[in-house]
Amino acid sequence: MSRKLMVAGNWKMNKNLMEALTLASQVITRAKKMSGQVEIVLAPPSPYLHTINSMSKDLSYVKVAAQDCHHKTSGAFTGDISASMLASMNLAYVILGHSERRKHHHESDVLLAQKVSAAIEAGLSVIFCCGEPLSVREKKEHELFVLQQLEASLWHLDATQIKQIVVAYEPIWAIGTGQTATAEQAQEMHAFIRNSIAQKYTQTIAQTTTILYGGSCNPANAGALFANEDVDGGLVGGASLKAEQFIQIIQAR
Ligand code: PEP
C-alpha cells in the first residue's frame, strides 16, 4: 500500500529574513530538478511563512509548515497565531507536539489534543511529534510512553481526521544531540506506532499514515534510517539549515 514519503525541515528559531529567503530559494531551486516522489516541507519561523509559501507555490511537492498554532480561533492571546490564520495563508501543515514546545512552553498532552483539533478543523494537516526521554528508554518503557502520547492527543480524532496526521517519532535524546537512533530502534518504534494506529483505526489507515523519524538526522545516516520499511522520511532540525545537507537528506529518501 502506498503512502506519502516526506522530508521536512524544522528551522526552529533560526535565520534572519534574508538568510531565510536565501535558504528557501536554494532548496526550491534544487527541488525543481527532483521527481516529486518525496514531499518536501519547509518549516521556517512564522514571520517568513507567507513569503516562503508564495515562493514554493508552483511546486506541488514543496509545502510549508508552521512550527506551532494556538488552540483557539481568535481572541486576546498576544503573540499567538491561530490555525485559521495559517490556513488563510494556504499553508499545508503545522508541526505540533515538538519536544521543545512541550518542554519550554509546558505544552501538555491535553493542550496538544486541542491544538490538533483546531488545526484539523481549520483545514491544516498536522505533523505530530512524539518521543520519549532517555530515562524512559533506559527503563524500556518507550513504547508505552509514546502510545500514551498518541492516545492523549490524537485518539479523539475520527477516521477521517486521523488521515490529516503525519506522525514524527522524535526520541528526545536524539534531538540536536548528534546521537541518532539506530535504524533498528527507529524501525521498531515506527512499526509499533503503525500497529497502534491499526488497532485504534484500521489497517488501511495505518498503512497509509506517513511516519517520519526525527533526531540528529544527517546526510550520513539518512539512507540507513529511510531504508526501513516503516520509516517514510524525516523531520530534520539542524541539518535543514544548510541547503546542501537538506537536499542530500531528501535524496536519501
Ligand atoms: C527536530 O528538532 O525536530 C530535530 C529533529 O532536530 P535535529 O535534527 O537537530 O536533531
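What the table below lists for this structure:
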read-out: Calculated FRET value between Gln161 and Lys139, using beta carbons and R₀ = 30 Å, to 0.05; value: 0.40
read-out: Residue-averaged 222 nm ellipticity for the chain, from DSSP H runs of 4+ at -39500 (n - 2.57), nearest 500; value: -12000 deg cm²/dmol
read-out: Highest-fluctuation residue, Leu144, Leu42, Leu124 considered, GNM on the chain with Cα pairs under 10 Å; value: Leu144
read-out: For the chain, built as a Gaussian network whose Cα springs stay under 10 Å, the top-fluctuating residue of Glu121, Glu132, Glu141; value: Glu141
read-out: 3J(HN,Hα) from dihedral phi, region 34-40, Karplus parametrisation 6.51/-1.76/1.60, rounded to Hz, x for glycine, proline; value: 8, 6, x, 6, 10, 6, 10
read-out: Within a Gaussian network of the chain (alpha carbon springs, distance under 10 Å), most fluctuating of Gly223, Gly215, Gly75; value: Gly75
read-out: Region 232-249-region 32-96 distance, computed between alpha-carbon centres (Å); value: 17
read-out: All aspartates and glutamates inside 18 Å of Lys163 as judged from Cα atoms, apart from same-chain residues fewer than 8 positions distant; value: Glu39, Glu121, Glu151, Asp230, Asp232
read-out: Longest to shortest principal axis, alpha-carbon extents of the chain, angstrom; value: 45, 45, 34
read-out: Charge dipole magnitude, Cβ of K and R +1, D and E -1 - the chain, Cα centre, debye nearest 20; value: 580
read-out: Values of log10 I(q)/I(0), in the order q = 0.14, 0.17, 0.28 Å⁻¹, for region 206-253 under a Debye, Cα-only, solvent-free model; value: -0.30, -0.43, -1.01
read-out: Ile127 long-range amide H proximity, modeled H, under 5 Å; value: Val94, Ile95, Leu96, Val166
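Computed from the coordinates by the stated procedures, all read-outs in this text should not be read as laboratory data. Source: prediction; values computed, not measured. Glycine gets a Cβ as well: all are built from the backbone with ideal geometry, and neighbour counts include every protein chain shown.
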